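The values are calculated or read from the model by the stated rules, or taken from the named source; none is laboratory data. The structure presented is a predicted model; accordingly, all values stated were derived computationally and were not measured. Cβ atoms come from the backbone with ideal geometry, glycine included; neighbour counts cover every protein chain shown. Just so you know, the surface numbers come from the protein's heavy atoms only, side chains and all, with ligands and any DNA or RNA stripped out. Shrake-Rupley method; radii C 1.70, N 1.55, O 1.52, S 1.80 Å.
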Amino acid sequence: MGIKMKKKVLGAVLFASSFFASSENWVTELGNCWDSVAANPTLSSRSYYERYNEIAESLKSGKPGGGDLSDEETHEAWLSVLKDFESYWSSNCPKKISFSRLRKYSSTETVKIPFTVSVDPEEYNGETTKTIFQEEERETSKYSVSVTSDFTLKYMEILSIVKSGLRVARKADWTDIPRNWPEESVHVDSQSPESDGSCLVSFFGNKTASIAKVNGCDFLDLNFDVKDKSGRTFFSSGKKIVGTSDVIFEKIESDKFALIDEAIRNGEIVYSPTELSLRYGAPERVSAYSREWAEPLLSKPFSLSSVRFENPYETYREENHVIDEEEARIIASEMMVDVAGDGSIGSFEIQKTEVTQKLYKDVMRRNPSGFRNLEKPVETVSWNDAIVFCNRLSEICGRTPVYSVDGSTDWASWNYVPHSGNQLAGEISVVPGDGFRLPTEEEWTYAAHGGNSHEEFAYSGSDKDKISEIAWYKRNARKTSEPAKKNANSLGLYDMTGNVWEWCFDFSKKDSSSRIAKGGSWSYDERFCKISDFYVRNPHQKFDCLGLRLVSGNSGSVPYTPEQASESSVASSPNVTSALAIDAK
């Protein structure tokens, strides 16, 4: 029989052994420490930073509060942690809210125009005139804006800490803690719409879900005004459930059109939120075209001062890296190898080893890897994450970033949160620059064969009978290994075969929505580690056998795009670009 949910708190003996024994609100304390460091990122906030790490390490160890806990005490502690998580994010919005640019569009509508006509009084009871209506089509202008949301880095970091610790601690008989938490709440038996400070949603009358994520639906109810920078209000939204459909503004006074259009041209449109609430309860249905389903639900307002709103003319940038420019330049110069061209391909640089967890964490402030060791290659990185990393490292090193999304090389404007599993939307292209990037399949293959020495090995630096001398693969590995522990190929490149698959820029020739990786990994046998083989995955997918290696320079190599296959496959892919070719001047 599983351990049942209990209402009691942990005993005094447990708290006496805990370094933050005065509170069960571990998640709340993590959030407060995060806010303190963000508000004052100087040495004066170091104590909050250390406290945050202390609590985080305790949670990740599976023993909240530290100390020698019994199984029952550990179970009670984790129930407390998860309840606090749900309560904290019920009061602190877990998402940032983004507004698109205000768009104007014209439409035709049919209106009835009244006309007065003369009539025979004998036929109309003495009336000499009659009003009739004639239908007429008129062009009218409307404005629209889409309001979307995405999880904040703060939420993703704290969620990662809690989930990693829960994986370590969980026992088979913890039946009151759902396997798919937080999609399903720890308040599984709760009949109250608000329990222990947590606003809960019972989606379609089914299982009770934590507010953090409910089947992709936000349940965030927003009111906002549309103004110009002088504070003049053009219109108000009324209630809007975030992300369900565009907000349409119509029936606008004719004297406002010129003012609104000028503000749009000058980039002076400002969205001013007036209220953001969490809707909770048990809706019978959810519609993207009507908000009637939300009306019966209860509402809990957030403090607007603690919610991040993004206007389109503003760029929000988090300085998440902990590596300075001088250190980064040294690392960059030491980690790259020159690859001479041979006429069919130009010269370029390629990294000696796969990107390590240390370098990735220094740049991105997060280490998503499953096999934690800063000296090992980073893995569990999606293709989308990889190109954000490339641009961020390029900026730190004073190089020109080469990846552009919808014409911008500024990763902070891409509306993408790394490691959150969401898609990187927009037209992705490569622009001229000396920054870091992923190799094309042609560049990767050329380097794996030793460059212009054209080694004809099946693997990078070896044939099958000696693969164990150059690669970590299924027969000699059970996880990733530190780089450069095996022999290099003739260019001095390590682990081009095995250890982790390495993302390339190219689309798959078989699937226009997927990208390819090369080289094999620790979890694949030698059949899949050949230079000629490749691994096909969607750009948002991430696995503990999938990492990356950087290149830079202009080889003239053109990556494969779906345009080379057919125009129809291009149209079917939302991420396809017509500007992928690397400038070869």
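Remark: relative contact order (the range 68-132) = 18 percent; criterion is Cα-Cα distance under 8 angstrom and separation of 6 or more residues. Stokes-Einstein at 20 °C, 1.002 mPa s, Kirkwood radius from Cα pairs: D for the range 316-460 in µm² s⁻¹? D, rounded to a whole number, is 131 µm²/s.
Share of the chain's accessible area from carbon and sulfur, percent, 1.4 Å? Percent of accessible area from carbon and sulfur atoms in the chain: 47. With a Förster radius of 35 Å applied to the C-beta separation of residue 327 and residue 61, the computed FRET efficiency comes to 0.70.
Here the contact order of the chain, divided by its residue count and restricted to Cα pairs under 8 Å and six or more residues apart, works out to 11 percent. The chymotrypsin sites (Phe, Trp or Tyr not before Pro) of the range 75-168 meeting both criteria, a DSSP state outside H, G, I, E and B (loop) and at most 16 other C-beta atoms within 10 angstrom of the site's C-beta, are 124. The residues of the chain expose, per residue, 47 Å² of accessible area to a 1.4 Å probe. Summing Cβ point charges (Lys, Arg +1; Asp, Glu -1) relative to the Cα centre of the chain gives a dipole of roughly 1600 debye. Please give me the summed charge of the neighbours of residue 357: other residues whose Cβ is under 9 Å from its Cβ, Lys and Arg +1, Asp and Glu -1. Value of the local net charge: +2.
Qualifying GluC sites (Glu not before Pro) in the range 382-475, where qualification requires a DSSP coil assignment and no more than 16 other C-beta atoms within 10 Å, comprise 427, 456. Can you give the percent of C-alpha pairs in the chain whose distance is more than 47 Å? The share of Cα pairs beyond 47 Å in the chain comes to 26 percent.
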